[in-house]
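This structure is in structure tokens; I'll ask about it shortly.
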Amino acid sequence: MHAAGPALDFVRGPRTPFAGWRLSERTYDVLIVGAGAAGCAAAMNLPRGVRALLVDRGQPSDGRCCGGLLAPDAQRVIARLGLTLPQDVRVRPEPQAVHVHDLDSGRDQVYRRDYLNLDRRRFDAWLLGLAAARAQFRPHTRLVGLDIQGEGVAARIASAGIEENVRARLLVGADGAASAVRRAALPLAPAPPTMLAIQVRLAAAEPTPVHEVLFASRMTDFYAWSIPKPGAVLVGSAFGRPRGARERFQQILAWYRETFGLDGEVLENSARRLTRPRAGHDLLAGSGRVLLAGEAAGLVSPSSGEGLSFAIASGAAAGRAAGEPSPEVAYGRTFRRLARRVARKFIKARVIFSPAWRRWAMRLPWCP
Ligand SMILES: Cc1cc2nc3c(=O)[nH]c(=O)nc-3n(C[C@H](O)[C@H](O)[C@H](O)COP(=O)(O)OP(=O)(O)OC[C@H]3O[C@@H](n4cnc5c(N)ncnc54)[C@H](O)[C@@H]3O)c2cc1C
């Protein structure tokens, strides 16, 4: 499982407002933590004239563990924001069929789905370019402390071992699964469950344009996938129980290799947490001067793990809300709509992750 990060010093509540601030400390209208899809969407939707800082503990264009499939919902969200995907962000082959294999029931099913296939690294670089036009971006800069007050937030950020203080009227927590901002803003709320997701990139000269989905309860309580990419195939899965996950992933990989003749070498290994909301209380918009977006808010499909549509839609709404007299109220309207979309998938998730119910559901025209 993931190693614990450095100790964080997050406080909330009635301390002296911004105690210890020096005059030289920087003040922004908005501080955005996390430059993934949610944080970038927030930055690019800030009203003009808003002074904003966007920080990320890494360099997002270095690549992140993701399948890079843009589902129809995400395509609609991007179009609604008036954005057009640059051609070089899309890659071939573009899977237009999903083939589901259920090892528990022995059934399988094929259905059509119009995904766009992304080079996730170029997609992130594109989003970051748009975000950096509206906010000052600082990579390799981690949020290490937070003091949330009624009138804003005081944050401590660290870069190359040097810490500095910044303050902002509004904080957008877009720091993904296991969000530190969420823990600081809502210390009494339970963190949403997360899974350990593992993915490898296998060399493959001519990958077939099919998204192969595997359900096998002895190997994973979620599902596994393969996604064709240029000269490669991604094979991944996620595990609610991290114990033994790497061994079970090897079994899944062996199944994909054998079933689809994937004998290429492993070009890349990656792993990260994926939020798995189970109930309404896992979905949180934030509180007061802190808005949560994307996975930090718990917004991800509990049935498919699709998160880009939610990250971009929630991030964009959080960015727009920064220009409103009450950002919390303005953001709440969009957040509730997105939360209802996630909630509608809770039942679907129960069905498809139960081998017995899935056996029945496989007869219906459904998709994960
Ligand atoms: C293996 C895998 C495959 C997936 N495939 C798909 C797919 O094909 N299609 C799809 O739609 N969704 C997919 N998802 C889900 C999707 O990738 C996410 O839901 C979405 O990217 C979430 O975006 P985000 O901006 O909320 O979070 P993230 O992308 O996780 O971004 C959070 C950012 O915050 C930064 N950060 C964290 N903590 C701090 C800190 N303390 N200080 C500063 N920065 C910090 C991180 O470095 C990171 O860049 C997949 C997920 C996984 C794990």
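Treating the beta-carbon of each Lys and Arg as +1 and of each Asp and Glu as -1, no other charges, what is the dipole magnitude of the range 80-139 about its Cα centre, to the nearest 20 debye?
My answer is approximately 380 debye.
Grab the Cα-Cα distance for residue 97 and residue 364, subtract it from 0.36 nm times how many residues apart they are, and report the gain in nm with one decimal. Please report the intermediate quantities before stating the final value.
On the way: separation 267, 0.36 × 267 = 96.12 nm, distance 1.62 nm.
Result for the pair: 94.5 nm of gain on full extension.
First measure r as the distance between the Cβ atoms of residue 247 and residue 354, then evaluate 1/(1 + (r/R0)^6) with R0 = 22 Å and state the FRET efficiency to the nearest 0.05. Walk me through the intermediate numbers first.
Working: r = 24 Å, r/R0 = 1.07.
Efficiency computed from Cβ-Cβ geometry: 0.40.
Moving to a separate point now. Work out which GluC sites (Glu not before Pro) in the chain are exposed loop sites (DSSP not H, G, I, E or B, at most 12 other Cβ within 10 Å) and give the longest gap free of them. Could the numbers behind the result be given before it?
Working: sites that count: 151, 265.
Free of exposed loop sites, the longest segment is 1-150.
Next up: Taking the Cα centre of the chain as the origin and placing charges on Cβ (Lys, Arg +1; Asp, Glu -1), which of 196, 242, 296 is farthest toward the positive end of the dipole?
Farthest along the dipole direction, towards plus: 296.
What's the ranking of 343-351, 153-161 by average number of surrounding C-beta atoms within 10 Å, highest first?
On the way: 343-351: 14.9, 153-161: 17.3.
Those peptides, ordered most packed to least, come out 153-161, 343-351.
Which listed residue (67, 266, 313) has the Cα farthest towards the positive end of the charge dipole for the chain, taking +1 on Lys and Arg C-beta and -1 on Asp and Glu C-beta about the Cα centre?
Ranked along the dipole, the leading option is 313.
Using the Karplus curve 6.51 cos²θ - 1.76 cosθ + 1.60 with θ = phi - 60°, what ³J(HN,Hα) values do you get for each residue of the range 84-99, in whole Hz, with x for Gly and Pro?
10, 5, x, 4, 6, 7, 8, 10, 10, x, 9, x, 10, 10, 10, 10
While we're looking at this one, here's another question. Ranked by Cβ crowding within 10 angstrom, fewest neighbours first, how are 99, 281, 211 ordered? Don't jump to the answer; show the numbers that get you there.
On the way: 99 16, 281 11, 211 23.
If I rank by nearby Cβ atoms, fewest first, I get 281, 99, 211.
Out of residues 5 or more away from residue 104 or on other chains, whose amide H comes under 5 Å of its own, with H placed 1.01 Å from N in the peptide plane?
Residues meeting the criterion, in which the H sits 1.01 Å from N, are 217.
What is the magnitude of the charge dipole of the chain about its Cα centre, with +1 placed on the Cβ of each Lys and Arg, -1 on the Cβ of each Asp and Glu, and no other charges, expressed in debye to the nearest 20?
Details: 52 positive and 32 negative charges, 209 e Å.
The dipole of the chain has a size of about 1000 debye.
Given the options 290, 77, 172, state which has the largest fluctuation in a GNM of the chain using a 10 Å cut-off (strictly under) for Cα springs.
Residue with maximal mean-square fluctuation among 290, 77, 172: 77.
Right, something else. Which whole-Hz ³J(HN,Hα) couplings does the range 119-135 yield from phi under the Karplus relation 6.51 cos²θ - 1.76 cosθ + 1.60, θ = phi - 60°, glycine and proline marked x?
Listing the rounded values in order: 8, 4, 5, 5, 4, 5, 5, 5, 4, 5, x, 5, 5, 5, 6, 10, 9 Hz.
Where nothing but the Cβ of Lys and Arg (+1) and of Asp and Glu (-1) is charged, how large is the charge dipole of the range 38-112 around its Cα centre, in debye to the nearest 20? Present the calculation step by step, with values, prior to reporting the outcome.
Values: 10 positive and 8 negative charges, 94 e Å.
Here the size comes out at about 460 debye.
We did not get these values from a lab; they are worked out from the coordinates using the rules stated. Bear in mind the structure is a predicted one, so any value in this text is a computation, not a measurement. Cβ coordinates were reconstructed from backbone atoms using ideal geometry, including for glycine residues, and neighbour counts include every protein chain displayed.
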